[in-house]
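Everything on this sheet refers to the single structure shown next.
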Amino acid sequence: MDDEALRVEIGAHVLHARLMIRRVPEVTYRGLLSLLGDVTPVVQPLPPTAAIADVAGAVRYWDRTPSELALWIRTRALGGFGLPLQVGVGPNWAVAAMASAHPGRSGVRVVPGDYRAVSAFLDPLPVQDLYGVGQAQAATLDRYGLRTIGQVARVPVETLQRVLEGRIQARLIHERARGIDPRPVTATDLPQSIGIHRSLARDSIDPDLIGREILHAAVDVAHQLRERGQVAGVLTLGISFVGGSSVTRSRTLCEATAYTDDLRAAAAELFQRLGLQRARIRGIAVRAEQLSSAEAASVQLSLDPQREASHRLDPVVDQVNARFGPGTVTWAPLAHRRHSA
């Protein structure tokens, strides 16, 4: 190991790897996790196409610098799966993730843990590249003249709280802009469920409003399943009420699926069976469980032309939304809510 190279890269021990493709089969994604696991046991999946690892203990074990480990992983991913992989290495989770989005010609970027090195990398980047900032927040920051990450870092956090109208989120964004992210990398397995929780803007007994929230959650869960190349065998619906009580119901699906209409229908049926006439509802949760690989799932032939048409529509909607932004094409009740908001 080159001691001078290691000295330059000191403090860069968190590795963020992302496959440059929107959807990969689960077996391929597990292959990426296996590659990382060959280097270090501290690997945390970030499905559907990314993962993060802590290589602090692997540097001495393998007698390689962090950048050499990153290049080795990238080369094996390309040779073993034929998939392009971008790797960022930094002092923490957020910096490594932003580094992987801006790799060098080698497909790898290392940002040392030195404060000056972190600032030199982050400051010129556009604010929409700040890890954890959504499109709406980036647009708000831009309207206030905060167009680069460096500008966000130099603004007092109190000012940022007024701009974003949220104390906790503003402080988090301010820390990320300065390259601060205390989250540890936790060794975990690939999650075996996907869940979406939606809190209502106000307590409600309106079945139409609640139905739209359930639909919204089902659409999001189905999209995540398809992105991860997985299908669900069980769907669970949770309803929380005013006062803190809640109820949960589950249903085993006729066949493992990731189709939006199948999950929507199952969630709607579970809600209808609860028979909640006058209960004041505060939030809903939709969870897909007993996940398996979509490639290995058996598909039953359907004689319902309407159902088959809805199934063929899902990948088209995914492609349009991937190109033009989430929510460009969605279910009519959700589109109506968005335009009237």
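The values are calculated or read from the model by the stated rules, or taken from the named source; none is laboratory data. On a predicted model such as this, the values are computed, not experimentally measured, just so you know. Heads up, the Cβs are rebuilt from the backbone with ideal geometry, glycines too, and the neighbour counts pull from every protein chain shown.
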Does Ser298 satisfy being surrounded by 11 or more Cβ atoms within 10 Å (Cβ to Cβ), within 29 Å of Leu190 (Cβ to Cβ) and modelled with pLDDT under 75? no
In segment 217-243, which residues are on the phi > 0 side of the Ramachandran plot and crowded, with 18+ Cβ neighbours inside 10 Å? Gly229
Among the numbered criteria (1) assigned to a strand (DSSP E or B); (2) among the hydrophobic types (A, V, I, L, M, F, W, C); (3) over 29 Å from Arg30 (Cβ atoms), which single criterion is violated by Ile210? (1)
Looking at Ile168, Ile210, Ile214, Ile205, can you tell me which residue is surrounded by fewer than 16 Cβ atoms within 10 Å (Cβ to Cβ) and assigned by TED's automatic domain parsing to the domain that holds Ala256? Ile205
Taking segment 129-148 on its own, how many of its residues are within 21 Å of the chain's Cα centre (by Cα) and either within 16 Å of Ala99 (Cβ to Cβ) or not in a helix (DSSP H, G or I) (or both)? 6
Could you please find all residues in segment 45-66 being over 21 Å from Glu9 (Cβ atoms) and either polar (S, T, N, Q) or in contact with a Ser or Thr (Cβ under 9 Å, 6 or more places away or on another chain) (or both)? Pro45, Thr49, Ala50
Filter segment 6-63 for residues that are touching a Leu at 6+ places or on another chain (Cβ under 6 Å) and of a type outside the set (A, V, I, L, M); the one that is surrounded by the most Cβ atoms within 10 Å (Cβ to Cβ) is Thr49
Would you tally the residues in segment 25-56 being closer than 18 Å to His223 by Cα, touching a helix residue (DSSP H, G or I) at 6+ places or on another chain (Cβ under 8 Å) and in a loop (DSSP other than H, G, I, E, B)? 3
Across segment 105-128, what is the number of residues that are charged (D, E, K, R), touching a Pro at 6+ places or on another chain (Cβ under 9 Å) and assigned to a loop (DSSP other than H, G, I, E, B)? 1
Kindly list, by first and then second residue, each pair from a residue in segment 314-326 that is of a type in the set (A, V, I, L, M, F, W, C) to a residue that is at pLDDT 70 or above and in a helix (DSSP H, G or I), limited to pairs with Cβ atoms under 9 Å and residues at least 6 apart or on different chains. Val317/His223; Val317/Thr260
Would you say Val157 is buried (at least 21 other Cβ atoms within 10 Å of the Cβ) and without any contact (Cβ under 8 Å) to a residue 60 or more places away in the chain? no
Condition test on Glu26, is it closer than 22 Å to Val111 by Cα and in the same structural domain as Val111 (by TED's automatic domain parsing)? no
If you scan segment 57-89, which residues turn out to be touching a Pro at 6+ places or on another chain (Cβ under 7 Å) and not in a strand (DSSP E or B)? Val59, Leu78
Is it true that some residue in segment 6-20 is within 21 Å of the chain's Cα centre (by Cα) and not aliphatic (A, V, I, L, M)? yes
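One line per residue, one yes/no per condition, for (1) touching a residue at least 24 places away in the same chain (Cβ under 8 Å); (2) surrounded by fewer than 15 Cβ atoms within 10 Å (Cβ to Cβ); (3) among the aliphatic types (A, V, I, L, M); (4) farther than 20 Å from Ala170 by Cβ:
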position	(1), (2), (3), (4)
Gly104	no, yes, no, yes
Ala120	no, yes, yes, yes
Asp123	yes, no, no, no
Gly134	no, yes, no, no
Hey, Arg171 in contact (Cβ under 8 Å) with a residue 40 or more places away in the chain and of a type outside the set (S, T, N, Q) or not: no
